[in-house]
Amino acid sequence: MASKGKPSPRSAVPALSDQQVALLAQRHRLADPTRYYPTGHRIPALDEIDGQHPVGTTRLLRGVSQVVRDSCRVYAWGLERVPQSGPFITAATHVTQFDVFIPMMALFHLGRRPRYMAKAEMAHWPLIGSWFRMVGMQPVERKSGKARSIEEESISIITSGRPLTIWPEGTVSRDPLKWPMSLKPGVGFIALEASRQLGRMVPLYPSITWGAASINHKWPWPRKNVVMCYDRLLDYADLLEDVDQWGAEPPKQSVHALCVRLRNRMEEVMAEIRGEEPPAAGYFDYVTMTRRPRSEQ
């Protein structure tokens, strides 16, 4: 089922300038996420690599990386934060479809093989669908009444020791100015419940990508700048303090609080990458398709 509304056109935002990239390079160590181990030697998670179509995945990663390099100039900072082992959650922005490929490509080049949630219809796309399934896609049947089973499967992935990548907006942002919009509650539920089952806070990292919104994918030249930040660990230990009193599931207010905290952080980092202030009128709410004050999150 198609999502409501349409993403705003490329003309809605300017391209990420060379001057802004240079400014970011002064503040952060920018690396190339289209190459293996861009921040230095790491120990790859061989159990994940060997268990997820290693030959096919390697070939697909090589092809995707080349297409991305031909289409844009990609920079990233914070990749050294990606754990070398154990479960974690990556919560990524979804301004464009590049927000799917850039963080996944980076994680693969760092020796990890996360499972990821994607709309179920993508699994049936000709050729591309089989590629998505090969590299760890977990189909999400939207508006099917199966949200809880999807969340339970995601929690099982984490508690079994695997990383999980989520695009918590649920679809490409409908914000006319392409800022992170309201998040689905699933990411909060999954993080909190998986933490309860493991007895510790599951690492949750925001991943923010910006720059691809102005790319013409039919003719991407001259290449645009794209920057990704793999942000610091999002602390939500305070939301786990009363875990023994939760009952059957995490409290809705805690789930909501975590989602607000995550969206706000995504917005803060995107503001730094873009070199702009987010809209003063507030955030874009997908449910009402309107901009609402941040105090009403």
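The values are calculated or read from the model by the stated rules, or taken from the named source; none is laboratory data. Since this is a predicted model, take the numbers as computed values, not measurements. Every residue, glycine among them, receives a Cβ derived from its backbone with ideal geometry; neighbour counts consider all protein chains shown. For the accessible areas, the whole protein counts, side chains as well, though only heavy atoms, and no ligand, DNA or RNA atoms are used. Shrake-Rupley method; radii C 1.70, N 1.55, O 1.52, S 1.80 Å.
Using a Gaussian network model of the chain with C-alpha springs under 10 Å, which one of Met201, Met266, Met228 is most mobile by mean-square fluctuation?
Met201
As a test question: what accessible area, to the nearest 10 Å², does Glu80 have when a 1.4 Å probe is rolled over all protein chains in place?
110 Å²
In whole angstrom, how far apart do the alpha carbon centroids of segment 16-65 and segment 202-266 sit?
Answer, in whole Å: 19.
What does the accessible area per residue of the chain come to in Å², with a 1.4 Å probe and no ligands, DNA or RNA counted?
On the way: 13600 Å² over 297 residues.
Heavy-atom SASA per residue in the chain reads 46 Å².
For the chain, what does the helix formula give at 222 nm: sum of -39500 (n - 2.57) over DSSP H segments with n ≥ 4, over the residue count, nearest 500 deg cm²/dmol? Intermediate results must be reported in sequence, preceding the final value.
Values: 8 runs with 101 residues, N = 297.
About -10500 deg cm²/dmol.
Take the solvent-accessible surface of the protein heavy atoms, probe 1.4 Å, and return the percent of it on the chain that carbon and sulfur atoms account for.
55 percent
If a/c stays under 1.5 just call it rounded; otherwise compare a/b with b/c (prolate if a/b is bigger, oblate if not). Do that for segment 159-295, with a ≥ b ≥ c from the square roots of the Cα gyration tensor eigenvalues.
prolate
Considering only protein heavy atoms, what is the solvent-accessible area of Leu177 at a probe of 1.4 Å, reported in Å² to the nearest 10?
Rounded to the nearest 10, that gives 80 Å².
Among rounded, prolate and oblate, which fits segment 12-71 when a ≥ b ≥ c are the square roots of the eigenvalues of its C-alpha gyration tensor, a/c under 1.5 means rounded, and a/b larger than b/c means prolate?
oblate
If you take the square roots of the eigenvalues of the alpha-carbon gyration tensor of segment 234-289 and sort them as a ≥ b ≥ c, do you get rounded (a/c under 1.5), prolate (a/b over b/c) or oblate?
oblate
How long are the three semi-axes of the equivalent ellipsoid of the chain, in whole Å, if each is the root of 5 times an eigenvalue of the C-alpha gyration tensor, listed from largest down?
Each semi-axis is √(5λ); the values are 27, 24, 19 Å.
With springs only between Cα atoms under 10 Å apart, run a GNM on the chain and tell me which of Asp32, Asp231, Asp47 wobbles the most.
Of the options given, Asp47 has the highest mean-square fluctuation.
Please state the charge dipole magnitude for segment 1-86, taken about the Cα centre, from unit charges on C-beta atoms (+1 on K and R, -1 on D and E), reported in debye and rounded to the nearest 20.
360 debye
Number of Lys-Lys pairs in the chain under 17 Å by Cα, sequence gap 8 or more or different chains?
Eligible lysine pairs with Cα atoms under 17 Å apart amount to 13.
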